[in-house]
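Here's the structure we're looking at; comments come further down.
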Amino acid sequence: MRRYFIRTFGCQQNTADSERAASYYEARGFVAADRIEEADLVVINTCMVRDQAEERIYGLVRNLRKRNPEVDIVVTGCLVGAALREPSGTMRRKVSARLPDVTLLPVEEVGFEHQPKRSGGRLASVVIGNGCGNYCSYCIVPFSRGKEISRPFSDILEEVRAAVESGKDEILLLGQNVNSYGSDMLRDRDREGGPYVLPDGREVEPVMVAHLGRKRIPTLFPYLLEAVATVPGVSKVSFLSSNPWDFSDELIGVIGRCGNIDRTLHLPVQAGSDSVLRAMNRWYTKDEYLSLVDRIRAVVPDVRLTTDIIVGFPGETAEDFEETMDVARRVVFHKAFIARYSPRPGTASSRMKDDVPDEEKRRRFHELDALVLTLSGREHLLHGH
């Protein structure tokens with residue numbers, strides 16, 4: 001009997017995808033190996049949000065081949081998606097040249113018909129959609145994951161109930177932009193609109209997310225989140241990730257009403273400068289982000305906010321960076337995931353001049369990291385600076 005081993009890089013959605021990939025291969029007669037060295041087939045679920053993550057994949061494949069030239073290697077995940085969709089062809093050529101003797105498996109071919117093989121513990125990660133259509137200028141996700149596709153509402157609830165029956169009581173809802181969940185389904189149905197029928201038979205009006213005074217997209221996420229939170233046996237619900245410009249007042253209200261929804265919310269700001277935000281194609285200003293934070297805290301006073309921030313984006317001046325520092329001081333993030341900008345192929349920002357020197361990117365990283373850690377009361381983590 002052939003044995004498989006899955007090595008996962010990157011985000012929690014990749015981990016959830018790997019749980020389904022395990023079922024995919026076991027349905028084909030494979031059994032799990034305890035160690036990568038024991039496997040006849042190695043599946044590598046890839047991340048490429050940064051150049052460093054991509055290089056780790058090439059290094060791992062090279063080392064596996066040296067150790068066992070006969071092992072079958074399957075590469076899936078974001079690297080494969082980008083190679084297939086990135087419009088310039090740069091990624092396809094690069095992957096073909098550096099990974100000539102592996103099988104490429106688009107993650108969407110695994111499908112949702114395979115129930116995830118979950119690890120131990122209380123948490124079940126449930127994917128509610130895949131892909132993104134926002135095209136932030138630095139982000140390769142629209143290529144690596146494709147256009148946004150929402151899973152059916154009833155399928156998600158069915159998976160949550162099955163997870164609870166298997167002993168899980170904490171649910172993590174995953175998507176590239178969870179708070180636009182359902183917008184694709186709603187756009188594809190009758191153009192005349194009207195109520196949406198939930199799995200329990202209730203007719204509801206889709207929540208229209210407004211931006212700059214205009215209705216941008218319809219979404220069902222507030223209804224989905226509340227439905228998951230009220231499944232018997234669910235003690236905690238979290239969700240990742242959400243875009244600030246799609247964070248509706250209705251969603252804030254659901255979080256406030258349901259005490260089992262996690263009070264730690266991830267709200268990526270990316271930058272504090274309006275000019276940098278425009279260059280990033282982020283659809284909000286610094287003041288709009290801070291206003292959203294105020295509205296959330298008014299309803300959920302015990303909220304803890306985490307965020308993503310990029311330093312050294314093309315054209316970011318010292319004054320721009322100070323605007324980001326100002327946001328950090330005013331919000332007091334519980335945690336910030338800070339990245340030094342690196343261009344990704346096919347993205348709009350890859351055509352911009354990467355004009356902030358690496359040394360300055362590192363300096364801004366450490367200055368911002370030290371501020372966030374100090375304000376959040378975690379100064380003890382500064383010893384590594």
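Rule-based calculations on the coordinates, nothing more; no lab input. On a predicted model such as this, the values are computed, not experimentally measured, just so you know. Positions of Cβ are generated from backbone atoms using ideal geometry, with glycine treated the same way; all protein chains shown enter the neighbour counts.
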To the nearest 20 Debye, how big is the dipole of the chain about its Cα centre, given +1 on the beta carbon of each Lys and Arg and -1 on that of each Asp and Glu?
740
Please name which of Val331, Thr317, Val228 has its Cα lying farthest along the dipole of the chain towards the positive end, using unit charges on Cβ (Lys, Arg +1; Asp, Glu -1) and the Cα centre as origin.
Thr317
Working out 0.36 nm times the residue gap between Val332 and Arg92, then minus their Cα-Cα distance, what length gain in nm do you get to one decimal?
82.2 nm
Taking only the C-alpha atoms, wrap a convex hull around segment 236-275 and report its volume per residue in Å³ as a whole number.
76
Using only DSSP helix segments of four residues or longer, with each worth -39500 (n - 2.57), what per-residue ellipticity at 222 nm results for the chain after dividing by its residue count and rounding to 500?
-11000 deg cm²/dmol
Aspartates and glutamates whose Cα lies under 18 Å from that of Lys117, excluding same-chain neighbours fewer than 8 positions away
Asp17, Glu19, Glu26, Asp34, Glu108, Glu109, Asp155, Glu158, Glu159, Glu165, Asp169, Glu170
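Using 0.36 nm per residue, how much length does the chain from Lys147 to Glu165 gain when fully extended, once their Cα-Cα distance is taken away? Write down the numbers at each step before the final one.
On the way: separation 18, 0.36 × 18 = 6.48 nm, distance 3.24 nm.
That works out to 3.2 nm of additional length.
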Which of the lysines could a cross-linker span from Lys94 if the Cα-Cα distance has to be under 26 Å and same-chain partners fewer than 8 positions apart are dropped?
Lys66, Lys147, Lys353
Rg(Cα) / (2.2 N^0.38 Å) computed for the chain, rounded to two decimals:
1.02
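Can you sort Trp283, Trp245 from fewest to most other Cβ atoms within 10 Å of each residue's own Cβ?
In order of increasing Cβ crowding within 10 Å: Trp283, Trp245.
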In a Gaussian network model over the chain where Cα atoms closer than 10 Å are linked, find which of Pro314, Pro142, Pro69 has the largest mean-square fluctuation.
Pro69
As I understand it, the dipole of segment 121-262 uses +1 on the Cβ of Lys and Arg and -1 on the Cβ of Asp and Glu, about the Cα centre. Which of Asn243, Ser154, Ile128 lies farthest toward its positive end?
Asn243
Within segment 277-306, list the residues whose amide N lies under 19 Å from a label point set 7 Å along Cα→Cβ of Glu319.
277-280, 285-287
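List every DSSP H helix in the chain whose Cα atoms extend 15 Å or more along the helix's own long axis and whose mean Kyte-Doolittle hydropathy is at least -0.5. The partial results should precede the final answer.
Values: long enough: 12-26 (22 Å, -1.67); 51-67 (25 Å, -1.35); 153-165 (18 Å, 0.29); 286-299 (20 Å, -0.23); 318-331 (20 Å, -0.75); 358-375 (26 Å, -0.82).
Span-like helices here: 153-165, 286-299.
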Measure out, as a whole number of angstrom, how far apart the alpha-carbon centroids of segment 38-101 and segment 261-276 sit.
31
Run the simple label-point estimate for Glu158 and Arg304 please: 7 Å along Cα→C-beta, distance reported in nm.
3.6
Give the cysteines in the chain for which no other Cys Cβ lies under 4.7 Å away, or write none if there are none.
Cys11, Cys47, Cys78, Cys132, Cys258
FRET E, pair Gln52, Asp287, Förster distance 41 Å, beta-carbon r, rounded to 0.05
0.75
